[in-house]
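Enquirer: Before anything else, here's the structure in question.
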Amino acid sequence: MISKSILSAALFLSATSFANTPDYHQGRLIVKLNKGHELPSSELIKSSMHLFENNYVLRSHNISDLEKELRNSSAILSVNKDFYAKREAMPKAINPHKVAHGALKNAEYFNDPKVSKLWGFRPSNKKGMNIFAAYDNFDPSTTEKVIVAVVDTGVDYNHEDLRDVMWTNSGEIPGNGIDDDGNGYIDDIHGINTLVRDSDGNATMDIMDGHSHGTHVSGTIAAKQNNGIGIAGVASNVEIMGIRTVPNYSDETDVDVAEAFLYAAKNGAKIINCSFGKSHNEGGMLVKETIDYIGKEYGVLVVAAAGNSSQDIDKKLTYPASFDSENLLVVASNSKLGMSYFSNYGLKSVDVVAPGSSIYSTVPGNRYSSMSGTSMASPNTAGVAAEILSRNPGLSPLQLKTIIMNTVSKSRSFSAKTAAGGIIDLATALK
């Protein structure tokens with residue numbers, strides 16, 4: 001049983017650093033070419049992967065010598081190591097936020113037996129997202145399917161409340177060991193795993209969640225509504241694309257994150273949830289440029305957690321939350337009492353607030369549990385974004401972001417800490 005005392009800050013995930021763990025991946029370099037140049041040849045390059053535009057990943061058994069060699073080439077604009085997140089220990093003040101929210105009323109639309117535990121569905125005057133009002137007189141046939149990519153620790157795709165909402169790659173034949181659809185990935189039925197790679201450095205297909213964080217995030221967004229089981233996700237017509245990129249101890253790299261974003265965008269995801277982050281950015285601007293690229297080329301909105309260090313990230317930056325991208329929506333956390341005590345904030349860097357304390361959702365093995373953190377606020381917002389897009393297909397990422405920010409339920413306690421100054425409000429956003 002996963003304890004309700006889990007603070008999923010765990011996954012924003014500030015885990016303690018491992019003293020003997022190298023700061024960067026020992027076999028990869030991130031390379032940007034000068035315009036008009038081709039990738040130089042070298043005996044030190046084992047293989048290469050083109051990401052987008054002039055950005056490449058090079059694999060090598062000797063990245064130190066390869067880096068020196070590349071820095072002397074006129075073809076190369078920049079070379080960076082692929083740094084790990086390198087977490088710091090959680091502040092001692094961070095503990096689970098226990099608030100008795102009580103049973104919910106006005107849940108007539110939903111027949112899911114545990115929907116009463118979803119306090120974030122409450123009206124805006126009770127610090128909720130106004131979800132129930134958004135489903136008054138709702139006709140599901142009027143919506144279009146939206147794919148949401150969850151870049152996280154994986155997803156339990158067999159969970160009773162998730163198996164019917166998993167994205168399935170229709171162009172791929174399961175288990176035949178062939179890249180049937182020619183997208184560069186073998187047997188990617190529900191997504192990819194960038195943490196486990198084959199001998200050629202290619203991502204594999206097993207996205208099963210060995211932690212719980214990614215499954216919890218997925219349920220918040222998309223747990224099957226009105227199936228008489230468990231809970232209900234925020235969004236009614238959504239598919240979850242699972243991408244396992246965040247290790248259980250949360251030491252993701254920029255290359256893995258960039259590849260995850262690109263895979264999601266190229267395979268139809270319109271929203272990407274990022275319940276992870278780090279407090280440094282030694283590896284250059286690869287992730288920021290990837291966010292910009294998928295927004296421009298594929299119309300993807302990236303929703304990111306602000307972090308759980310109780311600090312102003314306008315001053316103490318965290319990534320990707322502190323990147324300035326028009327298709328990036330950054331989310332702080334609130335409880336029934338106001339801003340969650342653990343939540344980061346920032347008048348410029350943080351856009352909106354969403355419920356993130358004591359959020360009840362799916363965890364592996366057909367179970368359910370509560371977690372707290374901006375990791376939970378982010379998928380609540382991703383779910384709201386998905387529902388808006390499902391009912392209003394064709395919105396650009398910037399239009400979608402603007403609607404969400406302009407329709408928040410404003411509060412004095414949030415006005416000096418976030419750009420929009422309030423909690424997301426689905427019912428108002430849909431008017």
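The values are calculated or read from the model by the stated rules, or taken from the named source; none is laboratory data. As the structure is a computational prediction, the values presented were derived from the model and not from experiment. Cβ sites come from the backbone with ideal geometry, for glycine too, and all protein chains shown count toward neighbours.
Enquirer: Say we look at region 113-131 and pick out the residues that are touching an Asp or Glu at 6+ places or on another chain (Cβ under 8 Å) and modelled with pLDDT of 95 or more; which of these is surrounded by the most Cβ atoms within 10 Å (Cβ to Cβ)?
Expert: Residues of region 113-131 that are touching an Asp or Glu at 6+ places or on another chain (Cβ under 8 Å), as a first pass: 124, 129-130.
With the extra rule that they be modelled with pLDDT of 95 or more, the set shrinks to 129-130.
Values: MET129: 32, ASN130: 24.
Looking at residues that are touching an Asp or Glu at 6+ places or on another chain (Cβ under 8 Å) and modelled with pLDDT of 95 or more, I get MET129.
Enquirer: Kindly provide the set of residues from region 47-90 that are loosely packed, with under 15 Cβ neighbours inside 10 Å, in contact (Cβ under 8 Å) with a residue 40 or more places away in the chain and not small (Gly, Ala, Ser), ordered by number.
Expert: Across region 47-90, the qualifying residues are GLU53, LEU77, GLU88.
Enquirer: Touching a residue at least 12 places away in the same chain (Cβ under 8 Å) and assigned to a loop (DSSP other than H, G, I, E, B): which single residue out of ALA427, ALA419 fits that description?
Expert: Working: ALA427 fails: assigned to a loop (DSSP other than H, G, I, E, B).
Only one candidate qualifies: ALA419.
Enquirer: Here's something else I'd like to know. Could you figure out which of (1) in contact with a Gly (Cβ under 8 Å, 6 or more places away or on another chain); (2) under 26 Å from VAL287 (Cβ atoms); (3) not in a loop (DSSP other than H, G, I, E, B) isn't true of LEU329?
Expert: With respect to (1) in contact with a Gly (Cβ under 8 Å, 6 or more places away or on another chain); (2) under 26 Å from VAL287 (Cβ atoms); (3) not in a loop (DSSP other than H, G, I, E, B), LEU329 is out only on (1).
Enquirer: Would you confirm whether or not region 376-389 contains a residue that is more than 20 Å from PRO123 (Cα to Cα) and charged (D, E, K, R)? Explain how you work it out, then say what you get.
Expert: The first filter runs over region 376-389 and keeps only residues more than 20 Å from PRO123 (Cα to Cα), leaving 389.
Now restrict to residues that are charged (D, E, K, R): none.
No, region 376-389 contains no residue that is more than 20 Å from PRO123 (Cα to Cα) and charged (D, E, K, R).
Enquirer: Follow-up question, since we're still on this one. Out of region 372-406, which residues are surrounded by 24 or more Cβ atoms within 10 Å (Cβ to Cβ) and outside any helix (DSSP H, G or I)?
Expert: Listed by number, the residues that qualify are SER372, GLY373.
Enquirer: Out of the residues in region 189-209 meeting the condition of being out of contact with any Phe, Trp or Tyr (no Cβ under 8 Å at 6 or more places or on another chain) and free of Cβ contacts under 8 Å to residues at least 60 places away in the same chain, tell me which one is surrounded by the fewest Cβ atoms within 10 Å (Cβ to Cβ).
Expert: Checking each candidate, the answer is SER199.
Enquirer: Scan region 191-233 for residues that are more than 10 Å from GLY154 (Cβ to Cβ) and either of a type in the set (D, E, K, R) or assigned to a loop (DSSP other than H, G, I, E, B) (or both) and report the count.
Expert: As a first pass, look at region 191-233 and keep what is more than 10 Å from GLY154 (Cβ to Cβ): 192, 194, 196-205, 216-217, 219-233.
Checking which are either of a type in the set (D, E, K, R) or assigned to a loop (DSSP other than H, G, I, E, B) (or both) leaves us with 197-202, 205, 223-233.
Result for region 191-233: 18.
Enquirer: Of the residues GLY184, GLY175, which is over 24 Å from VAL255 (Cβ atoms), surrounded by fewer than 24 Cβ atoms within 10 Å (Cβ to Cβ) and out of contact with any Leu (no Cβ under 9 Å at 6 or more places or on another chain)? Talk me through it step by step, then tell me what you get.
Expert: Details: GLY184 fails: over 24 Å from VAL255 (Cβ atoms).
Sole residue among the options that is over 24 Å from VAL255 (Cβ atoms), surrounded by fewer than 24 Cβ atoms within 10 Å (Cβ to Cβ) and out of contact with any Leu (no Cβ under 9 Å at 6 or more places or on another chain): GLY175.
Enquirer: I would also like to ask the following. Out of curiosity, is GLY277 crowded, with 24+ Cβ neighbours inside 10 Å and touching a His at 6+ places or on another chain (Cβ under 7 Å)? Write out each step before concluding.
Expert: On the way: crowded, with 24+ Cβ neighbours inside 10 Å: yes; touching a His at 6+ places or on another chain (Cβ under 7 Å): no.
Considered against the rule, which asks whether it is crowded, with 24+ Cβ neighbours inside 10 Å and touching a His at 6+ places or on another chain (Cβ under 7 Å), GLY277 comes out as no.
Enquirer: For region 241-285, how many residues are closer than 18 Å to THR374 by Cα and part of a strand (DSSP E or B)?
Expert: Within region 241-285, residues that are closer than 18 Å to THR374 by Cα and part of a strand (DSSP E or B) number 5.
Enquirer: Okay, moving on. Hey, could you check region 29-51 for residues that are in a strand (DSSP E or B) and farther than 15 Å from GLU67 by Cα and say which is nearest to the chain's Cα centre (by Cα)? Explain how you work it out, then say what you get.
Expert: Within region 29-51, the first condition is being in a strand (DSSP E or B), and the residues that meet it are 29-33, 47-51.
Now narrow it down to the ones that are farther than 15 Å from GLU67 by Cα: 49-51.
Details: MET49: 23, HIS50: 23, LEU51: 19 Å.
Per the stated criteria, the residue is LEU51.
Conditions (1) in contact with a helix residue (DSSP H, G or I) (Cβ under 6 Å, 6 or more places away or on another chain); (2) modelled with pLDDT of 95 or more; (3) not acidic (Asp, Glu), marked per residue:
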position	(1), (2), (3)
THR290	yes, yes, yes
LYS296	no, yes, yes
VAL302	yes, yes, yes
ALA305	yes, yes, yes
ILE313	no, yes, yes
THR318	no, no, yes
SER325	yes, yes, yes
VAL330	no, yes, yes
SER335	no, no, yes
